[in-house]
Amino acid sequence: MQAKDSNPPDGGYGWVVVVSAFMVMGLTAAVLKTFGLFFVEIQQHFDELASTTSWITSVTIAIFHLGAPVASSLCVRYTHRAVVITGGLLAFSGMALGFFGLNMVWMYATTGFLQGLGISFSWTPAISIVSHYFSKKRALANAVASAGECAFAFTFGPFFQWLISQYGWKGALLIIGGIQLNICVCGMLMRPLASGCLLEARHSRAETPPGSGASRTDEEKSPITHKTFNWMLVRRPEFVLYAVFGILAAMSFFVPPLFLVPLSYSLGIDESWTASLLSILAMVDFAGRLLCGWYANLHITKTVHLLTMTITLISTSLMLLPLANSYLSLAIFTGFYGFFFGTTVAVHITVLADVVGMPDFDSALGLFMLIRSTGGFVGPPLAGLIVDMAGDYRAGFYMAGATLVLSAGLLVTLDQFQQRKERGRQTNAKPEKSALPYPSLHLLKLQ
Amino acid sequence: LLLGIHGLPLAKRISLDRAAEIKLSCRLKSKYSHLKNLQVTWKKGSEIIPHNKTENGWSIQLMISDVSKLGSYSCILKGEEEMRATFYLQPKVEAKEKPIISYRGGMAILICKVSDYAPVAWTWYRTNGSEQIAINDSVLAHKYVINRVFANITHLKILKLTEEDSGIYLCEAAFKLGKSKGKLQLKVLTYMVPLKPFVAVVAEVVALITIIFLYEIYSKKKE
């Protein structure tokens, strides 16, 4: 598998996969982002409290993260395509059943649990398969795919509002569920790479002269172990470092969207101008993702270095943001934050692939999402606490900036560790360039 | 708030949705500025309120903290003729401006709210433009349920919706010094309405999947 993955298409059908992943991002993450429009409707319909209603999204996000490792292990065993199609069906069922709106618990189960599971099963393989299809152009491909979230979120806001005004929230849920069925269409386009360990082993077996019995059983066994979920990842220090980075980053990432609106109101900016701030955020996010993908593709800087730079830039913007005292200054700082946020999102999956390598990438992605989610759960209450203690929303931004500086430190440590490992490997490695008949077998032995 | 006065009695209705500090001022239109010896009084009902003279008018500053401060405030200019303008301060009833959409057989909750001021009583009406019919929830208890959740929030729950329930509903808040109304619109749809676009989208998905599937089989056969 490793040999084949080191020669991925890097173009051609890969771009079809990128477009399909772009659509999946939009139909999952953007729907989740825009779901807030349903809150007031659902809350009033069931005559519940706002906090009880907001649990729906909490369930969705929790299941999304918990489902990620499950999704990635299913990808390894079945194909990405199958898991995405399953995800599409689950997400559709969540929304369509939500249409019946029997009671609040029903909503938790449908628009919460089923939708979260569906999003998880669609998003994780979509992100992963893009990395499988590319190697040199991976950064650009990942960036373009992730931009789907911004593009769709931008249009879904007004679109969902229109749907709710025409069909009521129930009818809107039904129609959105139908639209999410298109995830299955995108899944159909995600052709599994014709490689895969078993196929390769079969090729090598056909060419091996009969009689090399021991080596043959060897190459039959190792591909199979590659196919299961790799828990050994937690033993690898690079992965652990990157996972802790993920936790810290997740802790700080939700703060700006959460506190930007109240901060804006406290500066005396009214509703429509505040809404425009969020639009600015979405637009620069989109631009940041694409630009970062293009830049990373030039291979001028190592992706880890690029990520460290973007994280540092975000934390600088966040530390400066509290200095804003008018709409213009707030808009400028929000623009910087949004842009660098986009660049970070665009490149962080590529860095994961570079850190763990392609064979373990699927498992790594799932595990990374799971570990990262703890940051996402701890963050909001912690930030709320800090804001309450300080009595000012600006404290939240300082906390987010500080957490990001810490996470950048981890990235630097990770990079140092990798560089040291590289130097060690270069002095120890035997020349690999000799013409080996079965390169795949040799590389498997080295691992 | 400025008001130009000329011969006829003028009135302005102001709806307040929360306790506020208000400045009411009366200003004379420029063509009357030649009038001298004008005696100006501000009154709330029959009670005289001290006012301030500004450059081109007369104003009073009020802190409307509770319902008793609402009512009608007039500025009266006595010269050769008497000119009067009245501000009616009323509490604003908050109700959703966009229509509420529900489905046949289901239920809908219509909510009206008054901030800061608690009404004495709430009454719900159904209107079709010209006439208003009060909704009696004791007579039609299987259909309507009126709930006063808090003193300043009222819920009208309509059960077993049919298309005839579509229309405009009014919630009236009665205060010691008057009444205020809020307007809500209810639309009842059948399940067919969202089902049509839904079926269209599902058909599109099935069509695309079939096309992709057939194309893949076709290209595999080519190999």
Requested in this report: Quickly estimate the mean residue ellipticity at 222 nm for chain B, helices only: each DSSP H run with n ≥ 4 gives -39500 (n - 2.57), and the total goes over all residues, rounded to 500.
Outcome: -5000 deg cm²/dmol
Report summary line: The answer for the net charge of residues other than residue B:144 whose Cβ lies under 14 angstrom from its Cβ, with Lys and Arg +1 and Asp and Glu -1, is +2
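Give me the tail of P(r) for region B:10-91 as a percent: Cα-Cα pairs with distance above 18 Å. Let's see the in-between values first.
Values: 1350 of 3321 pairs.
Percent of Cα pairs beyond 18 Å in region B:10-91: 41.
Once you have the Cα-Cα distance between residue A:78 and residue A:165, take 0.36 nm times their residue separation minus that, and quote the gain in nm to one decimal. Before the final figure, lay out each step's value.
Numbers: separation 87, 0.36 × 87 = 31.32 nm, distance 4.14 nm.
Result: 27.2 nm gained on full extension.
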Query raised in the report: PRE reach from residue B:18 (point 7 Å along Cα→Cβ): which of region A:271-287 fall under 14 Å by backbone N?
Result: A:271
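Please find the FRET efficiency linking residue A:66 to residue A:100, where r is the Cβ-Cβ separation and R0 is fixed at 25 Å, and quote it to the nearest 0.05. Mind dumping the intermediate values first?
Values: r = 25 Å, r/R0 = 1.01.
It comes to 0.50.
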Query - Burial order of peptide ranges A:21-28, A:350-357, A:269-276, A:178-185 (average beta-carbon count within 10 Å, highest first) - result: A:21-28, A:178-185, A:350-357, A:269-276
Query raised in the report: How crowded by other chains is A:107-120, given as the mean number of beta carbons from other chains within 10 Å of each beta carbon?
Result: 0
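Got the relative contact order for chain A handy, in percent, Cα pairs under 8 Å and 6 or more residues apart?
Working: 673 pairs, mean separation 103.9, N = 447.
Relative contact order here is 23 percent.
Find, to one decimal place in angstroms, the Kirkwood hydrodynamic radius of region A:241-321, where the mean of 1/r is taken over every pair of different Cα atoms and then inverted. Show your work: numbers first, answer last.
Values: mean 1/r = 0.0683 Å⁻¹.
When all Cα pairs of region A:241-321 are included, the Kirkwood radius is 14.6 Å.
Net charge around residue B:175, counting only other residues with Cβ within less than 13 Å of its Cβ (Lys, Arg = +1; Asp, Glu = -1)?
On the way: positive: B:69, B:92, B:176, B:179, B:181; negative: B:66, B:116, B:172.
It works out to a net charge of +2.
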**Report entry** Relative contact order for chain B, counting Cα pairs under 8 Å that sit 6 or more residues apart, in percent
**Finding:** 19
Report summary line: Going through B:36/B:181; B:92/B:157; A:137/B:220; B:29/B:113; B:36/B:179 one by one, the pairs whose alpha carbons sit over 32 Å apart turn out to be B:36/B:181; B:29/B:113; B:36/B:179
Report summary line: Mean Cβ-within-10 Å packing, highest first, puts peptides A:398-404, A:413-419 in the order A:398-404, A:413-419
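In whole Å and largest first, what semi-axes does the C-alpha gyration tensor of chain A yield when each eigenvalue is scaled by 5 and square-rooted? The partial results should precede the final answer.
Values: eigenvalues 319, 147, 65 Å².
The three semi-axes for chain A are 40, 27, 18 Å.
Quick check on region A:311-393: take the gyration tensor over C-alpha atoms, sort the square-rooted eigenvalues as a ≥ b ≥ c, and tell me if it's rounded (a/c under 1.5), prolate or oblate.
Details: a/c = 4.09, a/b = 1.65, b/c = 2.47.
Taking the square roots of the gyration eigenvalues as a ≥ b ≥ c, region A:311-393 is oblate.
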Requested in this report: On a C-alpha basis, how far is the centre of region A:39-89 from the centre of region B:32-92 in Å? Whole number, if you could?
Outcome: 60
Query raised in the report: Within region A:76-91, what residues put their amide N at less than 12 Å from the label point 7 Å along the Cα-to-Cβ vector of residue B:191?
Result: none
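Around residue A:383, under 14 Å between beta carbons, what's the net of Lys plus Arg minus Asp minus Glu among the other residues?
Numbers: positive: A:394; negative: A:388, A:392.
Every neighbour counted, the sum reads -1.
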Query raised in the report: Which FRET efficiency value, to the nearest 0.05, is calculated for residue B:56 and residue A:276 with the Förster distance at 41 angstrom and r the Cβ-Cβ distance?
Result: 0.65
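Would you tell me the mean number of C-beta atoms belonging to other protein chains that fall within 10 Å of each C-beta in A:40-52, as a whole number? Could you put the intermediate results ahead of the total?
Working: counts 1, 3, 0, 0, 7, 6, 1, 6, 0, 0, 0, 0, 0.
Counting other chains' Cβ atoms within 10 Å and averaging over A:40-52 gives 2.
Mean residue ellipticity at 222 nm from the helices of chain A, using -39,500 (n - 2.57) per DSSP H segment of n ≥ 4 over the full residue count, to the nearest 500 deg cm²/dmol? All intermediate terms of the calculation are to be shown ahead of the outcome.
Values: 20 runs with 353 residues, N = 447.
Calculated mean residue ellipticity at 222 nm is -26500 deg cm²/dmol.
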Requested in this report: Determine the principal axes of the Cα atoms in region A:10-194, then give the extent along each, sorted from largest to smallest and rounded to whole angstroms.
Outcome: 53, 31, 23
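Kirkwood Rh over alpha-carbon pairs of region B:19-154, then Stokes-Einstein at 20 °C and 1.002 mPa s: what D in µm² s⁻¹, rounded to an integer? Write down the numbers at each step before the final one.
Values: Rh = 18.9 Å.
Rounded to a whole number, D works out at 113 µm²/s.
Could you please tell me the mean projected area of the C-alpha convex hull for region B:64-223, averaged over all directions and given in square nanometres to one decimal? Could the numbers behind the result be given before it?
Details: hull surface 72.3 nm².
Its Cα hull, projected and averaged over all orientations, spans 18.1 nm².
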Requested in this report: Over the whole of B:96-103, what's the average partner chain Cβ count within 10 Å per residue? Rounded to a whole number, please.
Outcome: 4
Query raised in the report: Which percentage, to the nearest 5, of the DSSP beta bridges contained in the protein assembly as shown is antiparallel?
Result: 80
Report task. Using Cα centres only, tell me the gap between region A:304-379 and region A:234-285 in whole Å. Result -> 9
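Gain in length, residue B:213 to residue B:140, computed as 0.36 nm per residue apart minus the alpha-carbon separation, to one decimal in nm?
Length difference between fully extended and current span is 20.6 nm.
Expected output is a single nm value to one decimal: the length gained when fully extending between residue A:15 and residue A:47, i.e. 0.36 nm times separation in residues minus the C-alpha distance. What is it? Show your work: numbers first, answer last.
Numbers: separation 32, 0.36 × 32 = 11.52 nm, distance 4.74 nm.
In short, 6.8 nm is gained.
None of the figures in this text is laboratory data; all of them are computed from the coordinates on show. Model, not experiment: these values are computed from the prediction. Please note: Cβ atoms are built from the backbone with ideal geometry, for glycine as well, and neighbour counts cover all protein chains shown.
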